[in-house]
Amino acid sequence: MKRRSSTWFGGQDRDGFIHRSWMKNQGRPDHLFDGRPVIGICNTWSELTPCNTHFRAIADHVKRGVYEAGGFPLEFPVMSLGETLMRPTAMLFRNLVSMDVEESIRANPIDGVILLAGCDKTTPALLMGAASCDIPSLMISGGPMLSGKFHGQDIGSGTDVWRFSEDVRRGVMSECDFLEAEGCMNRSAGHCMTMGTASTMASVVEALGMGLPTNAAIPAVDARRYALAHMAGQRIVEMVHEDLRMSKVLTRAAFENAIRVVGAIAGSTNAVIHLLAIAGRIGVDLTVDDWDKLGRGVPCLVNLMPSGKYLMEDFYYAGGLPAVIEDLGDLINRDALTVNGKTIGENVAGARCHNREVVKPKDNPLTKEGGLAVLRGNLCPNGAVLKPSAATPDLMKHRGRAV
Ligand code: FES
């Protein structure tokens, strides 16, 4: 099989000279250009994206694995999207980043790609761009931050900011405590550690089969996150040898699994727009109505903020996503292929839950209906999405003036 990279590095002519010679200015020896798989490491590292600031270290561990498996790793940057600083909103740039990813891969000698994503929009943007190229691809999520700790209590990024700021306005929290909480909430590398969009999309990566097992929940600063990166580096080289392209993993069955997993984890409603966009890029027919259809009857098992009580660190120690997928039983298409070459059913076989407060049993779920509800009416003719697990009962039936 002729690799893409060989059309750059394989020639004995003037162009081959140019393509190799300039790369040798980085101290790269001749044997790296002998036709081995060239692995791009697509990095959204940026100091302006606090959730992704540890990605240079993750990339270094990926490189170890790539070299070990006989590949040639080349790290490259793409535009990064941080939720907290970007104006008017990071969502405005998701598609721009997907184009950056797609054109960076297409324009360069890359046979397979590792995608490093963390903060909310970076995950869909990278999956969309890579899907359009359809080369062997594997995503590593940056992992959640450690749990926030404030005055002896766990606090969740995002979720508790709103509560604190309201408490200050109500006069039940001092400004001094409010400012102290700033340093207690986000206290390590990683993305938001509630089940917000970043954690939801990291879980989607694992449910789609685009990440290695346990990708979703290992804390960003846990050494096992770096070991996972090392193994991903090894695996992407094998994927190039096997020609295991993204389209073989991202099938309709994989998307159905992801939709049901989003229900079981009480995932973010943003997953709807992102999954529809990824499906569109890879050519899988998926509509907003599939969310309603497939999500029905999926119990919400994961007791994490904002729907529940705990945080991603607790989720990992309780067994993480493999335990949830195993619990979902035949709600999951167990034959769906994943990036490690095994089916998702094989990956989770025997996975156990270690804390039934964090991952509830199916016969006593957090809520019976975990899926997202798709609503239609004259206010939203194209559909709107509601997360019943996070809605108070009075939201489920409301009469009022439309503004
Ligand atoms: Fe980056 Fe929440 S701000 S994941």
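The values are calculated or read from the model by the stated rules, or taken from the named source; none is laboratory data. Source: prediction; values computed, not measured. Glycine also receives a Cβ, built like all others from the backbone with ideal geometry; neighbour counts cover every protein chain displayed. Remember, those area values only see protein heavy atoms, side chains included, never the ligands or the DNA or RNA. Shrake-Rupley method; radii C 1.70, N 1.55, O 1.52, S 1.80 Å.
Conditions tested, residue by residue: (1) more than 19 Å from residue 199 (Cβ to Cβ); (2) at pLDDT 95 or above.
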{"position": "251", "(1), (2)": "yes, yes"}
{"position": "261", "(1), (2)": "no, yes"}
{"position": "265", "(1), (2)": "no, yes"}
{"position": "269", "(1), (2)": "no, no"}
{"position": "274", "(1), (2)": "no, yes"}
{"position": "278", "(1), (2)": "no, yes"}
{"position": "288", "(1), (2)": "yes, no"}
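Filter segment 23-81 down to the residues that are aromatic (Phe, Trp, Tyr) and in a helix (DSSP H, G or I), then identify the one that is nearest to residue 122 (Cα to Cα). Give the derivation first.
Quick first cut of segment 23-81, residues aromatic (Phe, Trp, Tyr) only: 33, 45, 55, 67, 72, 76.
Now narrow it down to the ones that are in a helix (DSSP H, G or I): 33, 55, 67.
Details: 33: 31, 55: 12, 67: 26 Å.
The selected residue is 55.
Right, residue 146: within 15 Å of residue 320 (Cα to Cα), more than 16 Å from the ligand (Cβ to nearest atom) and crowded, with 16+ Cβ neighbours inside 10 Å or not? Let's see the steps before the verdict.
Values: within 15 Å of residue 320 (Cα to Cα): yes; more than 16 Å from the ligand (Cβ to nearest atom): no; crowded, with 16+ Cβ neighbours inside 10 Å: yes.
Considered against the rule, which asks whether it is within 15 Å of residue 320 (Cα to Cα), more than 16 Å from the ligand (Cβ to nearest atom) and crowded, with 16+ Cβ neighbours inside 10 Å, residue 146 comes out as no.
Is it the case that residue 160 is in contact (Cβ under 8 Å) with a residue 24 or more places away in the chain, surrounded by fewer than 19 Cβ atoms within 10 Å (Cβ to Cβ) and either closer than 25 Å to residue 317 by Cβ or touching a His at 6+ places or on another chain (Cβ under 6 Å) (or both)? Spell out how you get there, then give the answer.
Working: in contact (Cβ under 8 Å) with a residue 24 or more places away in the chain: yes; surrounded by fewer than 19 Cβ atoms within 10 Å (Cβ to Cβ): no; either closer than 25 Å to residue 317 by Cβ or touching a His at 6+ places or on another chain (Cβ under 6 Å) (or both): yes.
No: the conditions fail for residue 160.
Can you name the residue in segment 170-196 that is open to solvent by 80 Å² or more (accessible area, probe 1.4 Å) and aliphatic (A, V, I, L, M) and is also nearest to residue 117 (Cα to Cα) among such residues?
179
Which condition does residue 131 not pass, out of (1) in a helix (DSSP H, G or I); (2) open to solvent by 10 Å² or more (accessible area, probe 1.4 Å); (3) more than 16 Å from the ligand (Cβ to nearest atom), if it passes all the others?
Result: residue 131 passes all but (2).
Applying the selection to segment 90-112, what residues are within 16 Å of the ligand (Cβ to nearest atom) and open to solvent by 60 Å² or more (accessible area, probe 1.4 Å)?
Step one: list which residues in segment 90-112 are within 16 Å of the ligand (Cβ to nearest atom), which gives 90-94, 97.
Of everything in segment 90-112, those that are within 16 Å of the ligand (Cβ to nearest atom) and open to solvent by 60 Å² or more (accessible area, probe 1.4 Å) turn out to be 91, 92.
Name every residue in segment 303-349 that is among the charged types (D, E, K, R) and either under 19 Å from residue 360 (Cβ atoms) or buried (at least 23 other Cβ atoms within 10 Å of the Cβ) (or both), in order of residue number. Can you show your working first?
Taking segment 303-349 and keeping what is among the charged types (D, E, K, R), we get 309, 313-314, 326-327, 330, 334-335, 342, 346.
Matches in segment 303-349: 309, 313, 314, 326, 327, 330.
Return the only residue of 35, 65 being at positive phi, more than 16 Å from the ligand (Cβ to nearest atom) and in contact with a helix residue (DSSP H, G or I) (Cβ under 7 Å, 6 or more places away or on another chain). Working first, answer last.
Numbers: 65 fails: at positive phi.
Only one candidate passes the filter, namely 35.
So which residues in segment 338-351 are part of a helix (DSSP H, G or I) and β-branched (Val, Ile, Thr), if there are any at all? Break it down into steps so the answer makes sense when it comes.
As a first pass, look at segment 338-351 and keep what is part of a helix (DSSP H, G or I): 344-348.
344, 348, listed by residue number.
Let me confirm something: among 74, 115, 92, which residue is within 26 Å of residue 187 (Cα to Cα) and either touching a Lys or Arg at 6+ places or on another chain (Cβ under 7 Å) or at pLDDT 95 or above (or both)? First the steps, then the outcome.
On the way: 74 fails: within 26 Å of residue 187 (Cα to Cα); 92 fails: within 26 Å of residue 187 (Cα to Cα).
Going through 74, 115, 92 in turn, just one is within 26 Å of residue 187 (Cα to Cα) and either touching a Lys or Arg at 6+ places or on another chain (Cβ under 7 Å) or at pLDDT 95 or above (or both): 115.
Hey, any hits in segment 329-346 for a residue that's in contact (Cβ under 8 Å) with a residue 60 or more places away in the chain and within 30 Å of residue 396 (Cα to Cα)?
Of segment 329-346, the ones in contact (Cβ under 8 Å) with a residue 60 or more places away in the chain are 331-333, 335-341, 344.
From what's left, within 30 Å of residue 396 (Cα to Cα): 331-332.
Within segment 329-346, one or more residues are in contact (Cβ under 8 Å) with a residue 60 or more places away in the chain and within 30 Å of residue 396 (Cα to Cα).
Filter segment 197-244 for residues that are within 16 Å of the ligand (Cβ to nearest atom) and of a type outside the set (A, V, I, L, M, F, W, C); which is surrounded by the most Cβ atoms within 10 Å (Cβ to Cβ)?
Applying the first criterion (within 16 Å of the ligand (Cβ to nearest atom)) to segment 197-244 yields 197-205, 215-221, 225.
Restricting the remaining residues to those that are of a type outside the set (A, V, I, L, M, F, W, C) gives 197, 199-200, 203, 215, 219, 225.
Working: 197: 26, 199: 29, 200: 25, 203: 31, 215: 24, 219: 23, 225: 26.
If we take residues in segment 197-244 being within 16 Å of the ligand (Cβ to nearest atom) and of a type outside the set (A, V, I, L, M, F, W, C), then 203 is surrounded by the most Cβ atoms within 10 Å (Cβ to Cβ).
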